[in-house]
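All remarks here apply to the structure that follows.
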Amino acid sequence: MQNAFRWSVLSFLATGLFGGCGSETCVAEVPLYADLDLDGYGAGEEIGIGCEAEPGKGQAGNKDDCDDADPNVNPDAEDICNLVDDDCDGGVDEAHRKTSWYADSDFDGFGGGASTSACEAPGPDWAPDPGDCDDTNPAVNPDGVEICNNGIDDDCNGAADDDDFTVDPDTYLHWYHDDDVDGYGDSSVYIEACQPPTPEHTLDGTDCDDSNAAISPAATEICDEIDNDCDELIDDADPSIDPSTQQTFYTDDDADGYGGDLTTLACDSIAGYGVDNSDDCDDNDPAVTIPTNWLYDTDMDGFGGGAPISFGCFPPEPGTVGEVFGIDCDDTDPYVNPAAAEVCGDDIDNDCDGSDKSCGPIGSFMVQDGPQWGTDPKVYSCIEVCALLFGGVDTDYHCSTDKVNLDYNALVSGWGDGTFCVPPGVDEDYSKEQAANPGYNCGFGGCAYSAYVTDWCFSGETNYCWER
C-alpha cells in the first residue's frame with residue numbers, strides 16, 4: 001500500500017508537476033531531486049522520475065548539492081577562502097591553506113614572532129608580512145624611518161643611526177668643532193651626523209673663542225677686557241662679573257686724586273668713583289688731601305717752599321700749602337714751581353725737576369740705524385725711537401728733521417718705498433704697521449712705515465730728538 005502511494009505521488013509529480021517524459025526527445029529517465037537554489041544540483045530525497053536532459057524547474061537529475069539553500073555552493077563552484085565547502089568535495093578551503101600569517105604584537109602590519117597558515121588573519125594581531133625586528137614597538141618595522149641618535153634599527157635593515165645610509169637627514173644633529181675641547185664649539189664649523197665624528201665635536205656651538213678653553217659660555221667673567229662667558233658683555237658691563245677680580249674705587253668729589261668714604265667695585269674707575277684710595281681727609285675740599293707737611297706759599301703760585309710749619313690734614317693758617325702737591329724750589333718766583341713749563345737755556349729750573357732743559361736736540365739718529373725690514377721688526381714713530389734711545393717715554397720728546405729749528409716732523413721708511421725719506425717727512429708721531437701683511441711689503445696691500453728701520457733710506461736721513 002505504501003509503495004503504491006509513493007508511486008502515485010511520483011507519478012503525479014512526473015506527469016503533472018514535472019511533465020514526465022512524454023516528449024519524444026527524452027531519451028532517458030532518471031530520478032529527480034529538489035533543486036531549491038536553482039544551481040542545477042539537487043539534494044534530499046528523490047521526488048520523482050524525469051527526463052535527464054530536461055528536468056523541470058526546481059528539479060535536478062542528481063543529489064550532489066551539499067547546501068541546496070546557497071546557489072554558490074555546488075560541485076561546479078570554485079573553492080574560496082570562506083570556511084565553507086564551496087565545491088562539495090568534503091573539504092573546507094583545502095586549496096587555500098597557503099597564506100602565511102605572522103604574529104603582530106604591536107599592530108604595525110609586520111609580524112615578528114610565530115607564524116601560521118590560514119585563508120584569513122586569525123585575528124587583529126596577525127599580519128601577512130614578516131620582518132619586524134622589534135614587535136613591541138609599532139614605530140620599528142621594515143616600513144619604519146631610520147632616525148638619528150636613538151640606537152635603534154628603526155627600519156629593520158640591520159643598521160642603525162650613522163651606519164644606515166637611509167637615515168632621515170632631517171634628524172641629523174649639528175656637531176660643532178670644539179678646537180679647545182671646552183665643551184663648546186664654533187658655530188660656523190659643524191658636521192651633520194647622528195653621533196660626534198670626533199671627541200673634538202659638541203652639540204653646543206656658542207663658543208666665542210674656540211682657541212681658548214678658558215673662554216666659553218660656562219666660564220666666569222673676570223676683569224681682563226675679554227668677554228670670558230660669551231654673552232657679548234665685557235668686564236663691568238657684565239652683571240655676572242666675578243667681584244673678586246674687581247677693585248675697590250672711592251669717590252673723589254673734590255677731584256684732588258684722593259678718595260673719600262663711598263666705594264664701588266669695578267674693573268676700572270667709573271664716573272663718580274675715580275681713585276683707588278680713601279686717603280682724603282676732606283673729600284669736599286681740594287686743598288685738603290692726606291696728612292702732609294704744610295709749607296708757606298710766599299709767591300702764591302699754589303706750591304709751598306721752605307721748612308714745614310706743621311703736619312696734619314688741614315692747613316694751619318692761610319697762605320700755607322700741603323707738601324703733597326709738590327715743593328716749590330723758588331718760593332719767591334711765581335713762575336717757578338712744579339707745574340711751570342721749563343724754558344730751555346735760561347739757566348733756571350722752571351719746573352723744579354732739578355735741572356734746566358738745554359735748547360736744541362739732545363741727540364739724533366738715522367732712520368737706517370734700525371733693523372732690517374726682512375726681520376719683521378717693531379714699527380716705531382720718531383718720538384718712540386727717541387724714548388728707546390735716550391730714555392723716558394715718547395711724550396717726553398719732540399722730533400725734528402731740522403737740527404736748528406724744531407719742526408715736529410720725522411723721516412720714515414717703508415719697505416721698498418722712500419716716499420717719506422726726504423723732508424718734510426711726516427708728523428713726529430707717525431707710524432704705520434701693515435698688520436694684514438707681516439712682511440710689510442709695499443707690493444702686497446700697502447706698506448708699513450717706521451722711523452727706525454733699514455731699507456730705503458740710505459743717504460743720512462737724520463731725525464733729531466728734542467726734550468719737551
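The values are calculated or read from the model by the stated rules, or taken from the named source; none is laboratory data. Fair warning: this is a prediction, and the values are worked out from it, not measured in the lab. No Cβ is skipped: glycine too gets one built from the backbone with ideal geometry, and neighbour counts run over all protein chains shown.
Laid out as a table, the results:
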{"item": "Scope region 333-347; condition over 20 Å from residue 396 (Cβ atoms) and either surrounded by fewer than 14 Cβ atoms within 10 Å (Cβ to Cβ) or touching a strand residue (DSSP E or B) at 6+ places or on another chain (Cβ under 6 Å) (or both); matching residues", "result": "335, 347"}
{"item": "Test: residue in region 325-332 that is among the aromatic types (Phe, Trp, Tyr) and surrounded by 18 or more Cβ atoms within 10 Å (Cβ to Cβ)", "result": "yes"}
{"item": "Single residue of region 166-199 satisfying the filter (within 30 Å of residue 155 (Cα to Cα) and among the charged types (D, E, K, R)) that is surrounded by the fewest Cβ atoms within 10 Å (Cβ to Cβ)", "result": "170"}
{"item": "Tally, over region 362-378, of residues that are under 14 Å from residue 410 (Cα atoms) and among the hydrophobic types (A, V, I, L, M, F, W, C)", "result": "3"}
{"item": "Residues being part of a loop (DSSP other than H, G, I, E, B) and modelled with pLDDT of 85 or more - total across region 422-447", "result": "8"}
{"item": "Flag if residue 325 is under 30 Å from residue 461 (Cβ atoms) and touching a residue at least 24 places away in the same chain (Cβ under 8 Å)", "result": "no"}
{"item": "Residues satisfying the stated conditions in region 318-336, i.e. on the phi < 0 side of the Ramachandran plot and part of a loop (DSSP other than H, G, I, E, B)", "result": "318, 328, 329, 330, 331, 332, 333, 334, 335, 336"}
{"item": "Checklist (1) surrounded by fewer than 16 Cβ atoms within 10 Å (Cβ to Cβ); (2) closer than 28 Å to residue 312 by Cβ applied to residue 275, failing item", "result": "(1)"}
{"item": "In region 364-379, residue modelled with the highest pLDDT [restricted to those that are outside any helix (DSSP H, G or I) and among the small types (Gly, Ala, Ser)]", "result": "364"}
{"item": "Residue 244 vs. criteria in a loop (DSSP other than H, G, I, E, B) and either without any contact (Cβ under 8 Å) to a residue 12 or more places away in the chain or in contact with an Asp or Glu (Cβ under 8 Å, 6 or more places away or on another chain) (or both)", "result": "no"}
{"item": "Filter result for residue 115 (modelled with pLDDT of 85 or more, loosely packed, with under 15 Cβ neighbours inside 10 Å and hydroxyl-bearing (Ser, Thr, Tyr))", "result": "yes"}
{"item": "Residues of region 200-212 classified as touching a His at 6+ places or on another chain (Cβ under 8 Å) and crowded, with 18+ Cβ neighbours inside 10 Å, total", "result": "3"}
{"item": "Selection count, region 260-277, where residues are closer than 22 Å to residue 223 by Cα and part of a loop (DSSP other than H, G, I, E, B)", "result": "9"}
{"item": "Residues of region 213-227 satisfying the condition of being under 18 Å from residue 183 (Cβ atoms) and either surrounded by fewer than 19 Cβ atoms within 10 Å (Cβ to Cβ) or under 19 Å from the mean Cα position of the chain (by Cα) (or both)", "result": "213, 214, 215, 216, 217, 218, 219, 220, 227"}
{"item": "Residues located in region 161-210, provided they are over 15 Å from the mean Cα position of the chain (by Cα), of a type in the set (S, T, N, Q) and either modelled with pLDDT of 95 or more or farther than 12 Å from residue 149 by Cβ (or both)", "result": "166, 198"}
{"item": "Condition check for residue 419: closer than 13 Å to residue 370 by Cβ and modelled with pLDDT of 85 or more", "result": "no"}
{"item": "Residue 399 modelled with pLDDT of 95 or more, more than 46 Å from the chain's Cα centre (by Cα) and either outside any loop (DSSP other than H, G, I, E, B) or exposed (fewer than 15 other Cβ atoms within 10 Å of the Cβ) (or both)", "result": "yes"}
{"item": "Test: residue in region 93-108 that is in a loop (DSSP other than H, G, I, E, B) and free of Cβ contacts under 8 Å to residues at least 12 places away in the same chain", "result": "no"}
{"item": "Test: residue in region 348-361 that is closer than 23 Å to residue 409 by Cα, polar (S, T, N, Q), in contact with a strand residue (DSSP E or B) (Cβ under 6 Å, 6 or more places away or on another chain) and surrounded by fewer than 19 Cβ atoms within 10 Å (Cβ to Cβ)", "result": "no"}
{"item": "Some residue of region 289-299 being assigned to a loop (DSSP other than H, G, I, E, B), of a type in the set (Asp, Glu) and under 18 Å from residue 336 (Cβ atoms)", "result": "yes"}
{"item": "Matching option when the condition is out of contact with any strand residue (DSSP E or B) (no Cβ under 6 Å at 6 or more places or on another chain) and under 30 Å from residue 233 (Cβ atoms), among 170, 204", "result": "204"}
{"item": "Enumeration of residues in region 50-62 that are surrounded by fewer than 19 Cβ atoms within 10 Å (Cβ to Cβ) and touching a strand residue (DSSP E or B) at 6+ places or on another chain (Cβ under 9 Å)", "result": "52, 56, 58, 62"}
{"item": "Subset of region 109-147 (residues that are closer than 27 Å to residue 79 by Cβ and either in contact (Cβ under 8 Å) with a residue 60 or more places away in the chain or outside any loop (DSSP other than H, G, I, E, B) (or both))", "result": "115, 116, 117, 126, 127, 129"}
